[in-house]
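The values are calculated or read from the model by the stated rules, or taken from the named source; none is laboratory data. Since the structure is predicted, the reported quantities are computational estimates derived from the model, not experimental observations. Here Cβ is always computed from backbone atoms with ideal geometry, including for glycine, and neighbour counts include all displayed protein chains. For accessibility, only protein heavy atoms count, side chains too; no ligands or nucleic acids. Shrake-Rupley method; radii C 1.70, N 1.55, O 1.52, S 1.80 Å.
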Amino acid sequence: MSQYAGLADTWASDASLAYGPMARHLVARSPFDLLGARALDAGAGSGVAGDALRACGARVVAADREFDMASYGARPAVTADVVALPFRDGSFDVVVAAFVVNHLPDPVAGLSELRRVTRPGGAVLVSTFSIDRAAAKGAVDGTAAAYGFVPPDWYADLQVYANAIGGTAAVERVLDAAGFGRWSVTEGPVDVGLVDAADVVRYRIAVPHLHAFVGSLSADTRAAFVAEAVEAVRRTDERFAPVVVEAVALV
């Protein structure tokens with residue numbers, strides 16, 4: 001069972017407060033009109049990138065390794081790992097992998113597989129977090145640490161994977177190694193529209209490592225933790241805009 005098992009509802013209601021706007025920002029970078037396009041939402045989660053693709057008129061299939069995520073909502077979907085997709089070569093016009101390759105110990109293998117299932121002339125759209133971290137994330141995580149949170153081993157591993165491709169040059173290196181010949185990579189803040197510190201905390205504590213920790217607290221302790229986390233986010237005096245690396249790679 002993965003760390004995302006049973007999280008689909010929480011992901012859709014809370015984590016997607018930030019992941020939804022970031023997915024729409026990525027999809028908006030498509031180099032061609034998506035009306036009628038065959039699209040894959042790879043590592044789909046609860047489907048925010050797929051929603052953005054459908055809003056542009058694309059015909060979307062979702063794929064996620066976690067069954068609870070793949071089966072969320074009424075949509076065509078398969079349970080599959082992005083490094084071993086059950087599709088023929090060139091099946092899609094566009095593939096979107098929003099905050100997926102940063103979960104992989106071998107991002108080149110994942111990107112190579114995404115390229116394989118994309119038709120010649122199509123595009124692969126990829127996003128990952130920059131190592132230039134938003135202050136609000138640190139504020140919530142610091143509050144959690146004060147309440148006794150210790151990152152689990154799997155999350156420490158994930159941070160290693162994410163930091164390895166947390167910048168423009170690093171993403172360009174893995175795109176090249178995966179066989180892409182043409183790409184555009186940008187790195188910058190994405191304003192997700194969360195002006196209320198409480199919404200920033202809702203998003204942050206929905207991610208698996210913190211969701212499990214917060215769920216282990218008593219009701220009173222949980223309420224106190226959330227209140228302190230909200231105040232810590234307010235004290236950053238910063239509009240929440242995660243720094244994101246986005247790539248548009250042509251096949």
>> Give me the residue from segment 193-214 that is out of contact with any Ser or Thr (no Cβ under 6 Å at 6 or more places or on another chain), part of a loop (DSSP other than H, G, I, E, B) and in contact (Cβ under 8 Å) with a residue 60 or more places away in the chain and, out of that set, nearest to residue 228 (Cα to Cα).
In response: 205
>> Please count how many residues of segment 106-134 are open to solvent by 20 Å² or more (accessible area, probe 1.4 Å), within 20 Å of residue 25 (Cβ to Cβ) and in contact (Cβ under 8 Å) with a residue 40 or more places away in the chain.
In response: 3
>> Of the conditions (1) within 29 Å of residue 202 (Cβ to Cβ); (2) open to solvent by 30 Å² or more (accessible area, probe 1.4 Å); (3) in contact (Cβ under 8 Å) with a residue 12 or more places away in the chain, residue 7 satisfies every one except a single condition; which number is it?
In response: (2)
> Does residue 93 count as of a type outside the set (S, T, N, Q) and closer than 26 Å to residue 231 by Cα?
Replying inline: no
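The rows are residues; the columns are (1) more than 25 Å from residue 228 (Cα to Cα); (2) assigned to a helix (DSSP H, G or I).
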| site | (1), (2) |
| --- | --- |
| 115 | yes, yes |
| 119 | yes, no |
| 128 | yes, no |
| 140 | no, yes |
| 144 | no, yes |
| 148 | no, no |
>> Checking the condition without any contact (Cβ under 8 Å) to a residue 60 or more places away in the chain, under 14 Å from the mean Cα position of the chain (by Cα) and open to solvent by less than 30 Å² (accessible area, probe 1.4 Å), which residue from 49, 15 passes?
In response: 49
> So, in segment 178-212, of the ones that are open to solvent by 30 Å² or more (accessible area, probe 1.4 Å), of a type outside the set (S, T, N, Q) and in contact with a Pro (Cβ under 9 Å, 6 or more places away or on another chain), which residue ends up farthest from residue 105 (Cα to Cα)?
Replying inline: 193
>> Quick test for you: out of 40, 85, 35, pick the one residue that is open to solvent by less than 10 Å² (accessible area, probe 1.4 Å) and either over 14 Å from the mean Cα position of the chain (by Cα) or not charged (D, E, K, R) (or both).
In response: 40
>> Being of a type outside the set (D, E, K, R) and surrounded by 19 or more Cβ atoms within 10 Å (Cβ to Cβ) is the filter here; which residues of segment 22-32 pass it?
In response: 22, 23, 26, 27, 30
> Does residue 246 count as among the charged types (D, E, K, R), touching a helix residue (DSSP H, G or I) at 6+ places or on another chain (Cβ under 8 Å) and assigned to a loop (DSSP other than H, G, I, E, B)?
Replying inline: no
> Looking at this structure, is residue 230 among the hydrophobic types (A, V, I, L, M, F, W, C) and either surrounded by 21 or more Cβ atoms within 10 Å (Cβ to Cβ) or under 19 Å from residue 22 (Cβ atoms) (or both)?
Replying inline: no
>> Name the single residue that is farthest from residue 200 (Cα to Cα) among those in segment 156-170 being surrounded by fewer than 17 Cβ atoms within 10 Å (Cβ to Cβ) and free of Cβ contacts under 8 Å to residues at least 60 places away in the same chain.
In response: 169
